[in-house]
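None of the figures in this text is laboratory data; all of them are computed from the coordinates on show. All figures in this text were calculated on a predicted structure; none of them were measured in a lab. Note that we place each Cβ from the backbone using ideal geometry, even for glycine, and neighbour counts take in every protein chain shown.
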Amino acid sequence: MEMLRERVADGSLLRLVGKCLHVGILDGEEYSEPEGGTVQGSSLSPLLGNVYLHHVLDLWFEREVRPRMRGKAHRVRYADDLVIGFTSGGLGTSG
């Protein structure tokens, strides 16, 4: 929720997300509440996954990895799929 609050100013939306995180599951006659996270298959999971990966992967790559590279470094991410490409000064160079 802290990560969401950094980018989302709408308090109503934040409350709705918070409520969705605490929703229970009714399986036949059995009711249970998850201890943490979202329910498997929840439509909220992709949204929260992207917010989390933005913070722990995208920002890390831009702030920590890219500045340390001598060549170019590129990151392409779609949801939880990732491709990272690096160059090392060109092909055919020795030593």
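What to note about this one:
- Fully extending the segment from I25 to L59, taken as 0.36 nm per residue of separation minus the present Cα-Cα distance, adds 8.8 nm.
- Which labelled figure in (1) 16.6; (2) 15.6; (3) 13.1 is Kirkwood radius over Cα pairs in Å, once derived from the coordinates: (1)
- The HN-Hα couplings worked out from phi for segment 18-28 by the Karplus form 6.51 cos²θ - 1.76 cosθ + 1.60 (θ = phi - 60°) are x, 5, 5, 6, 10, 6, x, 10, 10, 10, x Hz, whole numbers, x standing for Gly and Pro.
- Value of [θ]222 nm, deg cm²/dmol, for the chain, DSSP H segments ≥ 4, -39500 (n - 2.57) each, nearest 500: -8000 deg cm²/dmol
- The calculated FRET efficiency for the pair E6 and A79, based on their C-beta separation and a Förster distance of 22 Å, comes to about 0.65.
- Phi to ³J(HN,Hα) by Karplus 6.51 cos²θ - 1.76 cosθ + 1.60 over segment 57-69, Hz, x for Gly, Pro: 10, 4, 5, 4, 4, 5, 8, 9, 7, 3, x, 8, 7
- Relative contact order %, the chain, counting alpha carbon pairs below 8 Å whose residues are six or more apart: 16
- Rounded to 10°, Cα long-axis angle of helix 44-53 versus longest principal axis of the chain: 30
- Ascending count of other beta-carbon atoms within 10 Å, so fewest first, for E30, E62: E30, E62
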